[in-house]
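Okay, so here's the structure we're looking at.
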Amino acid sequence: MELQELEPIPGALIGRPKVWEDDRGAFMEILREQNFPASFVQSNHSHSKAGVLRGLHYHRKQADLWYVMNGKAQAMMADLRTQIDKPAVVSVDLEAGDPKVLYIPAGVAHGFLAVTDVDLIYWVTHYYDSTDEFGIAWDDPTIQAPWNTDSPLLSERDKENPKLEWDSIKLS
């Protein structure tokens with residue numbers, strides 16, 4: 001798989017798995033650890049109904065690798081590693097019919113909108129640690145994420161995510 005950096009967020013990577021198809025079906029390699037700048041220790045499966053928005057979340061230590069195995073999601077990233085007036089923001093469509101993997105470095109806020117019902121498999125570089133779980137409001141006016149919705153379905157946790165305040169972001 002060839003990986004490309006997602007400008008303007010250094011270290012964020014997108015790749016297309018090579019798909020081998022024949023009359024029996026298809027095969028693809030999703031994760032080859034040597035292609036990524038980190039080792040993964042845990043894999044998770046998230047199922048979301050259409051209209052659900054999860055995020056924005058970020059971690060000081062943990063990087064993520066995302067793969068949509070069913071449905072379509074709009075993935076969003078905002079780089080919080082450098083305090084500037086407006087963080088770099090990238091939106092990426094992830095769809096089962098157009099397979100891609102998305103690598104999200106630590107310190108980059110991320111989330112996704114389930115455009116359809118979606119199954120997202122993701123690998124992480126650290127075991128779950130509640131002290132490394134942080135959030136930013138999905139509709140933060142500083143980040144100005146270009147979501148494809150104005151009224152997402154949010155968890156109680158994500159409804160309570162604060163607006164971006166640089167003084168509260170501690171990534172080291």
Q.
Given the criterion more than 29 Å from residue 19 (Cα to Cα) and of a type in the set (Gly, Ala, Ser), identify the matching residue among 111, 55.
A. 55
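With respect to residue 169, determine if the residue is surrounded by 15 or more Cβ atoms within 10 Å (Cβ to Cβ), touching a residue at least 60 places away in the same chain (Cβ under 8 Å) and either over 17 Å from the mean Cα position of the chain (by Cα) or on the phi > 0 side of the Ramachandran plot (or both).
Here the answer is yes, as residue 169 does meet what is asked.
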Q.
Give me the residue from region 12-58 that is closer than 24 Å to residue 114 by Cβ and exposed (fewer than 11 other Cβ atoms within 10 Å of the Cβ) and, out of that set, modelled with the highest pLDDT.
A. 45
Q) For residue 66, all conditions in the list (1) surrounded by 18 or more Cβ atoms within 10 Å (Cβ to Cβ); (2) in contact with a Phe, Trp or Tyr (Cβ under 6 Å, 6 or more places away or on another chain); (3) farther than 21 Å from residue 133 by Cβ hold save one; what is the number of the exception? A) (3)
(Q) Whether any residue in region 96-117 is among the charged types (D, E, K, R), within 23 Å of residue 5 (Cβ to Cβ) and surrounded by fewer than 14 Cβ atoms within 10 Å (Cβ to Cβ) is what I want to check. (A) yes
Q. Taking the condition more than 16 Å from the chain's Cα centre (by Cα) and more than 20 Å from residue 46 (Cβ to Cβ), does residue 142 pass?
A. yes
Q.
For region 4-32, give me each residue that is under 24 Å from residue 133 (Cα atoms) and outside any loop (DSSP other than H, G, I, E, B).
A. 13, 14
Q: For residue 22, work out the one condition from (1) farther than 22 Å from residue 147 by Cα; (2) in contact (Cβ under 8 Å) with a residue 24 or more places away in the chain it doesn't fulfil.
A: (2)
**Q.** Of the criteria (1) closer than 23 Å to residue 67 by Cβ; (2) out of contact with any Ser or Thr (no Cβ under 6 Å at 6 or more places or on another chain); (3) surrounded by 14 or more Cβ atoms within 10 Å (Cβ to Cβ), which one residue 133 fails
**A.** (3)
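The values are calculated or read from the model by the stated rules, or taken from the named source; none is laboratory data. Being a predicted model, the structure only gives us computed values, none of them experimental. Please note: Cβ atoms are built from the backbone with ideal geometry, for glycine as well, and neighbour counts cover all protein chains shown.
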